[in-house]
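The values are calculated or read from the model by the stated rules, or taken from the named source; none is laboratory data. Note that this is a predicted model, so its numbers are computed, not measured. A quick note on method: Cβ atoms are made from the backbone with ideal geometry, for glycine too, and the neighbour counts reach across all protein chains shown. The accessibility values were calculated without ligands, DNA or RNA, using every heavy atom of the protein model including side chains. Shrake-Rupley method; radii C 1.70, N 1.55, O 1.52, S 1.80 Å.
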Amino acid sequence: MRGGEDLQRQMAMQIVVSLFSLLFAAALLLGSNALHATLLGVRGAIEGFSATEIALLLTAYYVGFIIGCRRVPGIIRDVGHIRAFTAFASIASAAAIFHALYVESWFWIMSRVVTGFSFAALQMIIESWLNERATNENRGRVLSIYRITDFTAVTFFLAAMPLFDPRGFVLFGLLSVLISFALVPVALTRVPAPAVPTEAKLDIPGLWRVSPLAAFGAVMIGLTTSAYWSMSPLFILGLDYMPEKTGLFMGALIFGGALAQWPLGWLSDRVDRRLVIIGTAGAAAVISVMVPMTAGGSQTALVITGLVFGAVAVPGFGLTIAHANDHAEPGRIVAVNGGLLMLYGSAACAGPVIASQVMAVFGTSSLYHWVGLCYLAVAVFGLLRLFARAAPETTEDYVPVMRTTPALFELDPRGEHEDEETGAEEAQGSLAFPEAGAPRTT
């Protein structure tokens, strides 16, 4: 027993060492990307951008990201992974500086489309590379290490935001430097270049047949996540905090989500997963209504509020992904997950715009009232599905998900046992689902 534990620790250490360069690049990219999005919201509010203009900044990012998920595989196939990574990292680095050089909402919105496209490419390349290094024996640990890197980098970068003045050039320059530094470990890595990632096509009727709750949840969570991520700077300013306090709130929100991922995932693997989805969505609805009442008390109250809200809100998409996997046909996990990600991203494009209009009519505090309403809809829909269908006889393991590309789902250890026909279909980027009326519907 002792020898087996030691062997597992040695294997885990070897994985970390072999992937260190790629994980370091991922940390720089993911952390800087989160800081960039929050900074633009804060700086936009300082510059007097309207709520709609600030909302369009994140919407533009998701538009670029979705286009990138569909177009980047062909670019990588033509020029290779390292050249593509170098090109898009350079573009993303330049885009960060552009925001500081020319402060106009229309220019920022255009730049965010470019940034979203670039980060779709960068994340897809990193995730495909990690998948190439993973084996059947360590794939789950590789995915876990990547997710830990993601959460840690985002939390650290956002928590450091109050150290800088968002009105100046320094933060934009620092973002450009960090993205440029991410080039170094990838350009010098000895890890062989991976195979070209596949793209997942969005098929709403097919996703609905697999799991109505997962499809509906992906849409509603996409609406809410993009809304509070982009519009929280205006919400924080409305509570009379300094603009840089937004980083503390968002960092606490992500950290709270990271802390809750594993216990909620553990619970959802042992009971009917729909109960966990309903419970977390209901809790998020209640806490969302309380956020405007508690966050304004003090800086400590702001951080605690972010932690609690993040703990019930952030794990939602991972839970819906796991629920869909419970009902997906064997060998369709990558396709189903990638399709849900596209559905989530498409809804995220509309989230900030809707939230901005709600805030324009009802005030900045209404942001989290709108978010709470969306989570309440998920809870109610989940209850309807719970009474309509029985739970599946077997469940798939929960895997935490945050911001990623369809390539990440190739790391999912649940997608290993695919037949040759399935592999050929996914190589063409197609989605295949059970026919209507198939017994695996929920």
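Taking loop as defined by DSSP and a crowding limit of 13 other beta carbons within 10 Å, which trypsin sites (Lys or Arg not before Pro) in the range 228-296 fit?
The qualifying sites are Arg270.
Pop out the carbon and sulfur fraction of the accessible area of the range 34-126 as a percent, whole number, probe 1.4 Å. Please report the intermediate quantities before stating the final value.
Details: 2020 of 3180 Å².
Carbon plus sulfur share of accessible area: 63 percent.
May I ask you to evaluate 6.51 cos²θ - 1.76 cosθ + 1.60, the Karplus curve with θ = phi - 60°, for each residue of the range 351-356 and list the ³J(HN,Hα) values in order in whole Hz, giving x for glycine and proline?
Karplus values, whole Hz, x for Gly and Pro: x, x, 5, 4, 4, 5.
Where only protein heavy atoms count, and the probe is 1.4 Å, what is the accessible area per residue for the range 193-320 in Å²? Show your work: numbers first, answer last.
Working: 4180 Å² over 128 residues.
For the range 193-320, the solvent-accessible area averages 33 Å² per residue.
Apply the Karplus parameterisation 6.51 cos²θ - 1.76 cosθ + 1.60, with θ equal to phi minus 60°, to every residue of the range 259-265 and state each ³J(HN,Hα) to the nearest whole Hz, in sequence, with x for glycine and proline.
Per residue, the Karplus-derived 3J(HN,Hα) values read 5, 8, 3, 6, x, 5, x Hz.
Once fully extended, how much extra length lies between Arg270 and Ala360, figured as 0.36 nm per residue of separation less the alpha-carbon to alpha-carbon distance?
28.1 nm
Note down the Stokes-Einstein diffusion coefficient of the range 149-253 in µm²/s, whole number, using a Kirkwood radius over alpha carbon pairs, 10 °C, and 1.306 mPa s.
Roughly 90 µm²/s, to the nearest whole number.
So how much slack lies between Ile148 and Arg77, counting 0.36 nm per residue of separation and subtracting their Cα-Cα distance, in nm? Intermediate values should be presented prior to the final figure.
On the way: separation 71, 0.36 × 71 = 25.56 nm, distance 2.93 nm.
The Ile148-Arg77 span can extend by a further 22.6 nm.
Beta carbons within 10 angstrom, averaged per residue: use that to sort the peptides 173-184, 35-46, highest first.
The most tightly packed comes first, giving 35-46, 173-184.
If you take the square roots of the eigenvalues of the alpha-carbon gyration tensor of the range 27-155 and sort them as a ≥ b ≥ c, do you get rounded (a/c under 1.5), prolate (a/b over b/c) or oblate? If you can, show how the numbers build up before the last one.
On the way: a/c = 2.53, a/b = 1.68, b/c = 1.51.
Cα axes put the range 27-155 in the prolate bin.
I'd like to compare 348-359, 296-307: which one has the highest average count of other Cβ atoms within 10 Å, and what's the full order after that?
Ranking, from highest mean packing down: 348-359, 296-307.
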